[in-house]
1. Which numbered condition in (1) at positive phi; (2) in contact (Cβ under 8 Å) with a residue 60 or more places away in the chain is the only one that Ala96 fails?
2. Against the condition closer than 16 Å to Lys77 by Cα and hydrophobic (A, V, I, L, M, F, W, C), how does Ala27 come out, does it pass?
3. Condition first: surrounded by 17 or more Cβ atoms within 10 Å (Cβ to Cβ), part of a helix (DSSP H, G or I) and either modelled with pLDDT of 90 or more or not aliphatic (A, V, I, L, M) (or both). Now tell me which residues in region 14-29 satisfy that.
4. Can you tell me which condition Lys91 does not meet? The list is (1) over 13 Å from the mean Cα position of the chain (by Cα); (2) surrounded by fewer than 17 Cβ atoms within 10 Å (Cβ to Cβ); (3) of a type outside the set (Ser, Thr, Tyr), and all the others hold.
5. So is Gly81 surrounded by 15 or more Cβ atoms within 10 Å (Cβ to Cβ), among the small types (Gly, Ala, Ser) and under 16 Å from the mean Cα position of the chain (by Cα) or not?
6. Checking the structure you have, find out if any residue of region 37-53 is surrounded by fewer than 17 Cβ atoms within 10 Å (Cβ to Cβ) and more than 15 Å from the chain's Cα centre (by Cα).
7. Among the residues in region 91-107, are any within 23 Å of Arg25 (Cα to Cα) and charged (D, E, K, R)?
8. Of the conditions (1) modelled with pLDDT of 90 or more; (2) hydroxyl-bearing (Ser, Thr, Tyr); (3) surrounded by 12 or more Cβ atoms within 10 Å (Cβ to Cβ), Thr68 fails just one. Which one is it?
Amino acid sequence: MKRKKSRIAFAKQVELMEIGYRLSRHAWERMQQRNLSQEEIYYAIKYGQLLRRNGLYFHFLAEKDIPTADCTQPWIKRIIGLVVLVDPQDKYIITAYRHCKGLREIKKLPRYRFVA
């Protein structure tokens, strides 16, 4: 039995299309489980560091990437260490998660995907 997309999921999909990315079903479920909003994902993509690894884009939001004007916002401390994984070819957000040492883990990944 196929599940239908909810109207809320469709509305979020439309909002993310404005920044050029679409949200995968997996990313939507993970955002709900990890209590992440679309605004937080957008903020991490806009201000976070962009790393290209394994043919994917990793947007990592470190404390030093946050503008000084936003440091007083209470919700900012919650998203420090947020990682957003994006497929650059299809413009899909694959997943999002928090990992305070995520930058170190991402840098260990190989730069390119090797296809035999």
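The values are calculated or read from the model by the stated rules, or taken from the named source; none is laboratory data. Predicted model only: the values in this text are computed from it and were never measured. Please note: Cβ atoms are built from the backbone with ideal geometry, for glycine as well, and neighbour counts cover all protein chains shown.
1. (1)
2. On the way: closer than 16 Å to Lys77 by Cα: no; hydrophobic (A, V, I, L, M, F, W, C): yes.
No: the conditions fail for Ala27.
3. Across region 14-29, the qualifying residues are Ala27, Trp28.
4. It is condition (1) that Lys91 fails.
5. Values: surrounded by 15 or more Cβ atoms within 10 Å (Cβ to Cβ): yes; among the small types (Gly, Ala, Ser): yes; under 16 Å from the mean Cα position of the chain (by Cα): yes.
Criteria met by Gly81.
6. The answer is no, given that none of the residues of region 37-53 is surrounded by fewer than 17 Cβ atoms within 10 Å (Cβ to Cβ) and more than 15 Å from the chain's Cα centre (by Cα).
7. The answer is yes, given that some residue of region 91-107 is within 23 Å of Arg25 (Cα to Cα) and charged (D, E, K, R).
8. Thr68 satisfies every listed condition except (3).
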